Structure formats: C-alpha cells, structure tokens
Amino acid sequence: MMLLRTSWRLVAAAAPAAPWPRAKAPTRGLRLRVVDHAPQSAVPSDAATAPEVESVLRPLYMDVQATTPLDPRVLDAMLPYLVNYYGNPHSRTHAYGWESEAAMERARQQVASLIGADPREIIFTSGATESNNIAIKGVARFYRSRKKHLITTQTEHKCVLDSCRSLEAEGFQVTYLPVKKSGIIDLKELEAAIQPDTSLVSVMTVNNEIGVKQPIAEIGHICSSRKVYFHTDAAQAVGKIPLDVNDMKIDLMSISGHKIYGPKGVGAIYIRRRPRVRVEALQSGGGQERGMRSGTVPTPLVVGLGAACEVAQQEMEYDHKRISKLAERLTRKIMKSLPDVVMNGDPEHHYPGCINLSFAYVEGESLLMALKDVALSSGSACTSASLEPSYVLRAIGTDEDLAHSSIRFGIGRFTTEEEVDYTVEKCIYHVKRLREMSPLWEMVQDGIDLKSIKWTQH
C-alpha cells in the first residue's frame, strides 16, 4: 500500500503542469493592478466574451504595521502543503497525516528558535488577537480562585484592552497603567501597582501606532521577582528586533504571521513550561495543541509562519540596518522641509520602521486623501474607521488637534529608497498646499497664539 502511494505521488510530481497563462509581473513604484470588470461566471463558457481588462496604477505600500506582503520564500514553502501534501496533521494512521505532522513540528521548531523557546512551548493559533485572548483570559480564569487582579497599559492593542474589559465584567480588577509623554511606562508605577493577588502583567513590546519599545527585560525581571506572570504582545516586534523569552523573563508571548511577511490567519502563543504557566482553554474540541487550542492546525499556514520566522531570523540584522537608514532618510527630509512637524513617541527607544508624525494645522484625513497614491494610515487599522483621535496619542498627552493631524509611515523589508523619496516629495507638497488653505496656519504666520483665542460657538 505504501509503495503504491509513493509511486503514485512520484508519477504525479513528474507529470508536467498544465500550461497556465502567466500574468505579467507588476512594475515597482506605482504598481500596476489588473482590474477585471467582466461579470464572474461559475461555469466557463465558450460563448462568453473575453473579459474587458484595464490597467490601474496601484499606490505604493507604506503601511507595514497593518500587514506585510507575503515573502516569496514563504509562499514557496507553503505551496506543496496547499496542493500535494494535504493530510490532516492529526491523522495518525497514514502517511498523509505523518508528513503534515512533520511539517507542523518543523514550523514549531522554527518559531521557537526565533524567540529562544522550546518547541513544546509554542501553540499555534489564528493570529495575535486569539493569542492575546488566550493569554489574558486563560491565565486570569485559571488562577481566579486565588488571584483577581491584572495589570496592563493604556496604549495596548484593542484586543488586549477589550479582553481586560470583559474580565472586569466577570469581577476581575484591572489596573491600566498610564504612559509617559515618550509612550514608555514608569517602572516604579508598575512595581507599585503589583498586589498580592495580581496574576498577570501584560505590556506590548513594540507599539503598533507609534513604534515605541517598552523596557521588556526590566518588566520581566520585576514580574519574576514578584512571582507574577508576564505576557507581552510581540506582534510588531518578533522577527524585527532580537527577543529571548528566557533572558527577558517572558512567560507568555503573542505572535502574528502576517506582521512578519507570513500568511494571514495564523499566529502563535508562547506559553512557558518551566516554571509552568497554566491557562484555561477558550475553545472546546478535540484537544489539539496540548489542549490549549482545539481545532485542526492548518498545515499550509503554520508552514508559512515557520518559514517567515526562519527568514526573519536570518535577515533580522540586515533588515534592521536597511530600515533604519530609510526611516532616517524619510524623517530627515520631511523635518528639513516642513516646520511644525512633531514625531510622536520616544525617538531613542523606538522601532525605526514605524514613524508616526503629526503635521500641525493639517487634518490627517485630508492629507491621507491627498496622498492617494501612497497607502498610509492615520493610526491602527483596527480603529481607522472611527473619527475619534487615536487613544494611543491621547495617552501620551498629544493635543487633540495634533492627534488629528498624525500620519503613520511604515517601512518594511520590501520598501525601496525610491518609494521613500516619492512619499516624502508628495507629503511635503500636499502639507504645504493644505496649510496654504488653512486659516489657522495663516493666523500662526501672523504671530497669533491659537491657544489664547476664545472660540465662540454659533
């Protein structure tokens, strides 16, 4: 039986693939996108007319904090598991299951290697949102009989804050630590906030809106000395800055695939084995992933996550140097050409690929609309539908008018120098144009202090 299957697979692999019309590679810079305006039919018909195809220029992509493009090396690793090796990794009775399981375990090893963990401490999830939910709700509920208090910060990702809110509704007490003007927490305030019944401290490694790096190693040592578990949402940091869960005393860590040039819909959570951290599972089912995350593990996605982690480990130093150079170029050119530009967040303790700038006397949304040939954001993708200013910028004490005028520039592995220069040039032009239209800018040029004006409402 095994011989038959093997020979069948060899024949299938040797068979020439059916010819398939290849799309022309899109150009860089303003990328070409082919838009098909023909009505989609489920059944191909000879009588159907050829689709009307038109070429549309796509914007440059400068929003890598929202998501990253799939690295071609990651796609290459995934393809066999999308086509030939489709076995369920939990099927223990045949080769299809075994080969998928072997690929899954190799991916677990690749993720663990990137953060200095043991492969048995890696649990695959659907992404960082699920990982954060498992970490926060799972730990709080498991230890609820003895410990009813958690600590987090005011600048965490929405899914961390919402998980804490839902725990408050269950009777838990949560302390939301403020951050300094730089965006970094005060370690003395953290120490003072820890109570005898504190079960967990959750602080993100790199902020997704302003790119600020928290002192994770110091927080880890404080939590370890006070016998409190420490969770960090490292979605924006894994693969971009060196992280070691043992040196930094991290007990739980959330990881996302699509933030590190991997596929969407997959992530991981690191849960320490020694000393053991217990979590209550959120999902009931077949008990996969050590009972912590039931459900069939999607082999192609976890293979992609593993490959993305391996590539990130190999290229981290090179990527960081290159991104730092491009970020410095972007910031320097904008600051040199435009007055009244404020960089949000600590300039020293900062991941260079996330640059959040406020352009005074310009509405951020109107600048985004003017920069329609560059894909940018005014903050988190998760809250960009709201017209409220970013809660992260409010937490660091940014004035409401400046918070409304902020733009986040994301620089990643595939961003080119030409793209940065083009973005800078367009940004400078449109800020100057919008300021010329602004009565506030005119008043400031005339030496009027806007803060001294008493505005009347009609």
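The values are calculated or read from the model by the stated rules, or taken from the named source; none is laboratory data. Not measured: the values here are computed from a predicted model. No Cβ is skipped: glycine too gets one built from the backbone with ideal geometry, and neighbour counts run over all protein chains shown. Areas reflect the complete protein model, heavy atoms only, side chains present, ligands, DNA and RNA absent. Shrake-Rupley method; radii C 1.70, N 1.55, O 1.52, S 1.80 Å.
Dividing the helix sum by the residues of the chain, where each DSSP H run of 4 or more adds -39500 (n - 2.57), gives a mean residue ellipticity at 222 nm of -12000 deg cm²/dmol.
The Asp399 and Ser284 beta-carbon pair, evaluated with R₀ = 56 Å, returns a calculated FRET efficiency of approximately 0.70. Segment Arg273..Thr67, full-extension length gain: 71.1 nm, with 0.36 nm per residue of separation and the alpha-carbon distance subtracted. Relative to the current alpha-carbon distance between Glu105 and Lys325, full extension at 0.36 nm per residue lengthens the span by 75.5 nm. The length gained by stretching the chain between His221 and Ser166 to full extension, at 0.36 nm per residue less their Cα-Cα distance, is 17.0 nm. The HN-Hα couplings worked out from phi for segment 199-206 by the Karplus form 6.51 cos²θ - 1.76 cosθ + 1.60 (θ = phi - 60°) are 9, 8, 10, 10, 9, 6, 6, 10 Hz, whole numbers, x standing for Gly and Pro.
In terms of packing, defined here as the mean over residues of other Cβ atoms within 10 angstrom, the peptides 408-414, 431-437 line up highest first as 408-414, 431-437.
With a simple spin-label model that places each label point 7 Å from the Cα along the Cα-to-Cβ direction, the separation between Tyr429 and Asp197 comes to 6.2 nm. Once the 1.4 Å probe is applied to the protein heavy atoms, the chain comes out at 50 Å² accessible per residue.
Just to verify a number: FRET efficiency for Ser366 and Val56, C-beta to C-beta distance, R0 = 30 Å, to 0.05? Here the calculated transfer efficiency is 0.80. Taking the DSSP beta bridges in the chain as the whole, what percent of them are antiparallel, to the nearest 5? If we restrict to bridges inside the chain, about 60 percent are antiparallel. Within a straight-line Cα-Cα reach of under 18 Å, Lys227 can be paired with the following aspartates and glutamates, leaving aside sequence neighbours fewer than 8 residues apart in one chain: Glu189, Glu191, Asp197, Glu218, Asp247, Asp251. With a threshold of 23 Å on the Cα-Cα distance, the over-threshold entries among Lys137/Lys158; Lys240/Lys336; Lys148/Lys180; Lys158/Lys333; Lys181/Lys213; Lys147/Lys213 are Lys240/Lys336; Lys148/Lys180; Lys158/Lys333; Lys147/Lys213.
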